[in-house]
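A.B. asks: Let me begin by handing over the structure; questions about it come next.
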RNA sequence: GGCCCGGUCGCCUAGCGGUCUAGGGCGCUUCCCUUUCAAGGAAGAGGUCAUGGGUUCGAAUCCCAUCCGGGCUACCA
């Protein structure tokens, strides 16, 4: 096979999670076919450029484990891979279309276009270019173009007929040409519009198939017309459905986090994100749903992609995140936790407690909160937590003091022996183990819930445990 | 408004004319396990397959209409 596919983001902001999904699909196909993945930067809109956007794309994609073969920083046989560095190609192409009569110079000012649209709206008409410059004799137009630098080049869309594509996911789609406007191909600043640049680049870079978001579907007929005007073959196209917000609209900032980096900082695993994202709009047709990136490379099929948009579901993402955290080795989990831990914490202790909290986390940020009690000298002890329901403060003092006494003699200070001592106290006092551990947990960790008690106590160490138990007794003193 | 796309439990989805009294997962509820919380196990609630017409012996699956939703409609991508 050896497919040549690409992803072509605009450097107009941080890497968006929706475009990651599309990129992933391209990546799966490239790898499974032992083909080529190309990164192309579409920076033809000079006004919307955002500094650092390309860095964000590189960092984000690398975090996901997505690598590519040709791109601005890695070079390649079809370089350059940044559209602003390919201007002569587009200008030459546009001129060629003018020469063959498939495109024409347009000298309408932005003001005129605005007025035109306003008038059309006032009359209740469709707002569309009125083809004012379409019929200027080509010799005259060429002359004017020399002296009026502000001109653009527009596509001369045939008056009637239809144009169609057989999309790999949406199937056969047809458009009446009468509904398509004379799209600008080359802007007055000499930059191409997307409509011209994609076609030229996809053709020159040998892209096959073109995989992109569903929102490009409506402009596909324009692209087809450009291919036709150049006399080029149209590569197979696959449009993939949009990722939607909970309200059914295209996922955007107002729905919450959408940038890759935000999820990284919130403690999400790339494995979980990939798994979750791949399953929005794609299913292998079986009941399996836990997939590594390598599984996906193997299993993904473009013809299994759905047509309907899929909503972003935080709960489901969280589920996958917890699942992938549990699948990590303890050492690996420790390494991933590193950026989320205070620098002063003893890493050996962290490593020791990781097995206790592994299945209690849905995101990486939760770890430090779960184990903070191990890294402080004292802990805040809330009497309300210290005293189990239907128990008296005095009874709790007695119980804790018994625990303190027995624990003092536990040697070595290990979970199993600690458990024995504590349950001995429960039996002796006629307490339920449940009530006793509630009090002890509150005394030792300051919290109501947490990692397994006996293991926690072992890691805390005898001295600190006894100190906290004694402090709790004083705290309850009338 | 115009063009195009879509519509299966709250959410992600399986389904491609009969095996569907519509399956799985998330979330939710209950139970088990249990030192808490999780994790794990079990069970359950939840869908007139948007609606209405066809076609057919038979339709979630094919056709048409309607409704609803979305995308696009820039010298943005």
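The values are calculated or read from the model by the stated rules, or taken from the named source; none is laboratory data. Keep in mind the model is a prediction, meaning the values are calculated, not measured. Note: ideal-geometry Cβ built from the backbone for every residue, glycine included; neighbour counts use all protein chains shown.
A.B. asks: Out of contact with any strand residue (DSSP E or B) (no Cβ under 6 Å at 6 or more places or on another chain), within 16 Å of RNA strand B (Cβ to nearest atom) and in a loop (DSSP other than H, G, I, E, B): which single residue out of A:50, A:66, A:20 fits that description?
C.D. replies: Step by step, each of A:50, A:66, A:20 is checked, and only A:50 is out of contact with any strand residue (DSSP E or B) (no Cβ under 6 Å at 6 or more places or on another chain), within 16 Å of RNA strand B (Cβ to nearest atom) and in a loop (DSSP other than H, G, I, E, B).
A.B. asks: Checking residue A:103 against (1) within 13 Å of RNA strand B (Cβ to nearest atom); (2) within 30 Å of residue A:211 (Cα to Cα), which single condition isn't satisfied?
C.D. replies: Just one mismatch for residue A:103, condition (1).
A.B. asks: May I pose another question? Do you know which residues across region A:411-430 are at pLDDT 95 or above, over 21 Å from residue A:356 (Cα atoms) and under 51 Å from the mean Cα position of the chain (by Cα)?
C.D. replies: Residue satisfying the conditions is A:426 alone.
A.B. asks: A further question follows. Are any residues in region A:224-239 closer than 16 Å to residue A:168 by Cα, touching a helix residue (DSSP H, G or I) at 6+ places or on another chain (Cβ under 6 Å) and either within 16 Å of RNA strand B (Cβ to nearest atom) or in a strand (DSSP E or B) (or both), and if so, which ones?
C.D. replies: Passing the criteria: A:238, A:239.
A.B. asks: Is it the case that some residue within region A:344-362 is farther than 20 Å from residue A:460 by Cα and crowded, with 16+ Cβ neighbours inside 10 Å?
C.D. replies: yes
Residue-by-condition table, conditions (1) buried (at least 16 other Cβ atoms within 10 Å of the Cβ); (2) under 30 Å from residue A:4 (Cα atoms); (3) in contact (Cβ under 8 Å) with a residue 12 or more places away in the chain:
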{"residue": "A:244", "(1), (2), (3)": "yes, yes, yes"}
{"residue": "A:253", "(1), (2), (3)": "no, no, no"}
{"residue": "A:269", "(1), (2), (3)": "yes, yes, yes"}
{"residue": "A:280", "(1), (2), (3)": "yes, yes, yes"}
{"residue": "A:290", "(1), (2), (3)": "no, yes, yes"}
{"residue": "A:302", "(1), (2), (3)": "yes, yes, yes"}
{"residue": "A:320", "(1), (2), (3)": "yes, no, yes"}
{"residue": "A:337", "(1), (2), (3)": "yes, no, yes"}
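A.B. asks: Then there's this: Checking residue A:261 against (1) at positive phi; (2) touching a residue at least 40 places away in the same chain (Cβ under 8 Å), which test does it fail?
C.D. replies: The number of the failed condition is (1).
A.B. asks: Only one of A:95, A:83 is closer than 24 Å to residue A:229 by Cβ, more than 12 Å from RNA strand B (Cβ to nearest atom) and surrounded by 11 or more Cβ atoms within 10 Å (Cβ to Cβ). Can you tell me which?
C.D. replies: A:95
A.B. asks: How about region A:146-164: which of its residues are in contact with a strand residue (DSSP E or B) (Cβ under 9 Å, 6 or more places away or on another chain), within 10 Å of RNA strand B (Cβ to nearest atom) and farther than 17 Å from residue A:134 by Cβ?
C.D. replies: A:162, A:164
A.B. asks: Does residue A:396 meet the test of being assigned to a helix (DSSP H, G or I) and more than 45 Å from the chain's Cα centre (by Cα)?
C.D. replies: So residue A:396 fits the description; yes.
A.B. asks: On to the next question. Suppose we filter region A:182-215 for residues that are within 28 Å of the chain's Cα centre (by Cα), within 9 Å of RNA strand B (Cβ to nearest atom) and outside any helix (DSSP H, G or I); how many remain?
C.D. replies: Number satisfying all stated conditions: 2.
A.B. asks: Select, from A:114, A:143, the only residue that is more than 9 Å from RNA strand B (Cβ to nearest atom), free of Cβ contacts under 8 Å to residues at least 12 places away in the same chain, surrounded by fewer than 14 Cβ atoms within 10 Å (Cβ to Cβ) and part of a helix (DSSP H, G or I).
C.D. replies: Selected residue: A:143, the only one of A:114, A:143 that is more than 9 Å from RNA strand B (Cβ to nearest atom), free of Cβ contacts under 8 Å to residues at least 12 places away in the same chain, surrounded by fewer than 14 Cβ atoms within 10 Å (Cβ to Cβ) and part of a helix (DSSP H, G or I).
A.B. asks: Going through region A:420-454 one residue at a time, which ones are near RNA strand B (Cβ under 9 Å from one of its atoms) and in a loop (DSSP other than H, G, I, E, B)?
C.D. replies: Those that are near RNA strand B (Cβ under 9 Å from one of its atoms) and in a loop (DSSP other than H, G, I, E, B): A:432, A:447, A:448, A:449, A:450, A:451, A:452.
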